[in-house]
1. Quick one: how many residues across the stretch 363-388 are open to solvent by 60 Å² or more (accessible area, probe 1.4 Å), more than 28 Å from the chain's Cα centre (by Cα) and at pLDDT 70 or above?
2. Keeping to the stretch 86-120, report how many residues are in contact with a Ser or Thr (Cβ under 6 Å, 6 or more places away or on another chain) and surrounded by fewer than 16 Cβ atoms within 10 Å (Cβ to Cβ).
3. What is the number of the single condition among (1) without any contact (Cβ under 8 Å) to a residue 60 or more places away in the chain; (2) open to solvent by less than 50 Å² (accessible area, probe 1.4 Å) that P555 does not meet?
4. Which pairs have Cβ atoms under 9 Å, sit 6 or more apart or on different chains, and link a residue in the stretch 439-456 that is closer than 10 Å to C474 by Cα and among the hydrophobic types (A, V, I, L, M, F, W, C) to one that is surrounded by 15 or more Cβ atoms within 10 Å (Cβ to Cβ) and modelled with pLDDT under 75?
5. Working only within the stretch 503-527, note down all residues that are aliphatic (A, V, I, L, M) and either open to solvent by 40 Å² or more (accessible area, probe 1.4 Å) or under 28 Å from the mean Cα position of the chain (by Cα) (or both).
6. Looking at the stretch 537-550, which of its residues are under 17 Å from G502 (Cα atoms) and part of a loop (DSSP other than H, G, I, E, B)?
Amino acid sequence: MARSGSGLLVPVNGLGYPPQNLARVVVWEWLNEHGRWRPYSAAVCHHIENVLKGDARGTVVLGQVDAQLSPYVIDLQSMHQFRQDTGTMRPVQRNFYEPSSAPGKGVVWEWENDNGSWTPYDMEICVTIQNAYEKQHPWLDLTSLGFCYLIDFNSMSQTNRQSQRKRRLRRRMDLAYPLIMGSIPKSQSWPVGASSGQPCSCQQCILVNSTRAASNAILASQRRKVYGGTAGNSGAAGTLTVVRQSNTFAGTSLWSPTSTSSGTNNNNISVGGGQAKAEQVQLPQSTANFPCSPVMPSLSSAHPHHALTINGQNNLNRPGTQRISMGTARGAIPPGVPALPVKNLTGSGPVHPALAGMTGILMCAAGLPVCLTRAPKPILHPPPINKSDMKPVPGINGMWRKTKKKHLRRGKNPEDVVRRYTEKIKVAPDEDCTICMERLLMSSGYEGVLQHKGVKPELVGKLGKCGHMYHLLCLVAMYNNGNKDGSLQCPTCKTIYGEKTGTQPPGKMEYHVIPHCLPGYPDCKTIRIVYDIPAGIQTNEHPNPGKKFSARGFPRHCYLPDNEKGRKVLKLLITAWDRRLIFTIGTSSTTGESDTVVWNEIHHKTEFGSNLTGHGYPDPNYLDNVLTELSAQGVGEDNLKD
C-alpha cells in the first residue's frame, strides 16, 4: 500500500531518555570491530536479566540460550563479553528504550545481505525505522545517523545514496525485550557493586577472574606512568604516540587518548629489551573525546634509539591490530624477566592458553618486557589405528547410527499442543507474561498479530509441571516459531513438555573403542565418535528453505573415556542424535559463515591428546557438564534403557 505524506529526516540528537522512574525496555548490546553497538536477541537479553537479578557480579553463559553463542560468556562485573576459545573480549552495555518502541513490541527490522540471509539493524536504527513506519512516513533518510541510506516503506527497500544499490528489508515480530521498573542507572553500563560471598571455583570463573586481575594490574601500571612519567614532556609538539589496541580488545581501546601532547621528539617503547616496531598516528591540535579512557601520555624521550611509529588510518572504525615485533633474540632479554608464553606449552599449567596470550599482548602494550614463545600445536587425533583394533562399545548394540530425512509431525495443531500441557486459569495473577511482557490481567501482546480459533487473547494458562503462567496465545506464538514437533519448552525455567526434537540434517554417527588413553584417564581406553553430515538443501524447518547449506570440517572426531560414565554419556548422545539435537543449521560462531552445519548446545571434546583449545582433556568436569546439557535438551537418565 502506498504511503502518503512527507518523508522523515532523522534529527541529529537521536534518541532521548525519559524520566528515570518509569518502565523501560532493556536491550543488551556488544561493541563490534567497527565501533557499532550490536544488540543481542530478545531471548539472550531475557537470559542476561535473569542472571543479573540473581548476581549482579556474576557470569552469563550465552550458550545456554543460543547455540550459536556457545563460546561466549559475559562478565557482569567488568561488562565485557569473553570468547573462551580465543580469549577475545568486547565491551557490552545495558541500554534502555521506551516500552512503546520497537524492542518493547518485539519488532525487528532487517536487511538482506549478499548471502540472501537477513541481518538486523542496530537497535537505535531499528527504533528510528519503526517510529517512521508507525507515523506512516513514505521514506526515511538515515544520513544523520551516519548511514547514507534511504529507506522506502512502499517498496520495503534500502537504497545506498552513493552507489544507488538497493537491498530488500523486512519487518518481523519476535519476542519482546525484557521490561524493568524503577530508577535507571545514570550510566548505560551496569554499575558494579562491592564483592560479596566466596568466588566460584569453576574453571570458567577462575579464568574470568584471572583475566580481570591481569587487566587491572596492567591498567594500574599504566596509571602510574601517567602520574609519574610526564614531567619531562612539557615542551612539546603535535604528535602523540600511542599503541593501537589489540584485536583481543577490539572495539574500545583500553588506553585511548583524551588529549593531545606536544613535542618534536619521537617517543619510544622497548619490549623485552629489543627494538619495537609500530605505526605512527598524527592527532590534530584539538581534544578527541574517547569515553571511559584514561589519558595516554607521551612516553619518555630519554631513549631516542628506539623508534615507535603508529599509523592512524581510521583507527576508530576498524579493528586495531597490535604491530609490535621482537627485534632481538631471547638472549637480549634482561636477566630476571619472566618468560610469558603465548600459549600454555603443556595445556596442564595454571595459566589458561587464552589468558596467557591476552596477558602477553597487554604487557607489550603497556611497555612491560615479555618473552614470547612459540605456540604449541594441539594433538587432535590419536596415532594411526588398524580397523581390527576398533572394538564395539561394551553395553551398546552396533557401532553406528544413520538418520534420514524426518518429516515434521503435522497431525496436531498448535492449539492442541498448548492445551495438552496447560490448564486454564480463571483468575489471572497481577504479574507479567514473560513472553509478550504484558500483564496477565491484560490481553496478550500478540492480539491482532495472531488469530487462532478457540484461543482468545485474554486467556491465561499454567504449565503442568513447573506451574509458570502465560497467555495461551503467547504460548501458541512461541510454538509456531519453534520446530513444531509436538513438544513445548517453558521459556522461564526451560522445562520440556513432550519429546523435543531438532532440525539436524541427515547424516551418520559412528562409535567404537580405540586402544589409547585420554589425558586424565590413564586406566581406560577411549571411545571415539565420528559424525559425518554431507552438504545439502535446507527444508522448511531450516532458516532458508530451498537454499544450499555447507558442512565444514566433517567427518568430526570426538572422544570420551571408556568408563561407566563415558558409556552413559554415549548412550544419551545416541538418543540425542536420533532426535536430531546434536547439530543444526545456522551461522558459525568461529568463521561467521551462515547457512552451515553447526553444533547445537551439546559440547563435544574434539582434541584427543591435549587441551590447548579448551575442547580436549584433561577436563574433570566435562562429563558432568555434558550430562547437564543433554538434560536441558530433554535427554536425561530416564531415557537410558537397561
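1. First, pick out the residues of the stretch 363-388 that are open to solvent by 60 Å² or more (accessible area, probe 1.4 Å): 372, 374, 377, 379-381, 383-384, 386-388.
Right, trim to more than 28 Å from the chain's Cα centre (by Cα) and you get 372, 374, 381, 383-384, 386-388.
With the extra rule that they be at pLDDT 70 or above, the set shrinks to 381, 383-384, 386-388.
Residues flagged as open to solvent by 60 Å² or more (accessible area, probe 1.4 Å), more than 28 Å from the chain's Cα centre (by Cα) and at pLDDT 70 or above within the stretch 363-388 amount to 6.
2. Residues meeting the conditions: 4.
3. Unmet condition: (2).
4. none
5. Taking the stretch 503-527 and keeping what is aliphatic (A, V, I, L, M), we get 509, 513-514, 518, 527.
If the condition is that a residue be aliphatic (A, V, I, L, M) and either open to solvent by 40 Å² or more (accessible area, probe 1.4 Å) or under 28 Å from the mean Cα position of the chain (by Cα) (or both), then no residue fits.
6. Going residue by residue through the stretch 537-550, those that are under 17 Å from G502 (Cα atoms) are 537-545, 549.
Within the stretch 537-550, Q538, T539, N540, E541, H542, P543, N544, P545 meet the criteria.
Yes/no per residue for (1) modelled with pLDDT under 90; (2) touching a Phe, Trp or Tyr at 6+ places or on another chain (Cβ under 8 Å); (3) outside the structural domain of M123 (by the TED database); (4) under 21 Å from N600 (Cα atoms):
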residue: N32; (1), (2), (3), (4): yes, no, no, no
residue: G54; (1), (2), (3), (4): yes, no, no, no
residue: G58; (1), (2), (3), (4): yes, no, no, no
residue: L62; (1), (2), (3), (4): no, yes, no, yes
residue: T88; (1), (2), (3), (4): yes, yes, no, no
residue: P91; (1), (2), (3), (4): no, yes, no, no
residue: N95; (1), (2), (3), (4): no, yes, no, no
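Residues are listed down the side, and each one gets a yes or a no for (1) among the β-branched types (V, I, T); (2) assigned to a loop (DSSP other than H, G, I, E, B); (3) open to solvent by 40 Å² or more (accessible area, probe 1.4 Å):
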site	(1), (2), (3)
R567	no, no, yes
T613	yes, yes, yes
G616	no, yes, no
D619	no, yes, no
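The values are calculated or read from the model by the stated rules, or taken from the named source; none is laboratory data. Quick caveat, the model's predicted, so the values are computed rather than measured. Note: ideal-geometry Cβ built from the backbone for every residue, glycine included; neighbour counts use all protein chains shown. These accessible areas exclude ligands, DNA and RNA; they are computed on the full protein's heavy atoms, side chains included. Shrake-Rupley method; radii C 1.70, N 1.55, O 1.52, S 1.80 Å.
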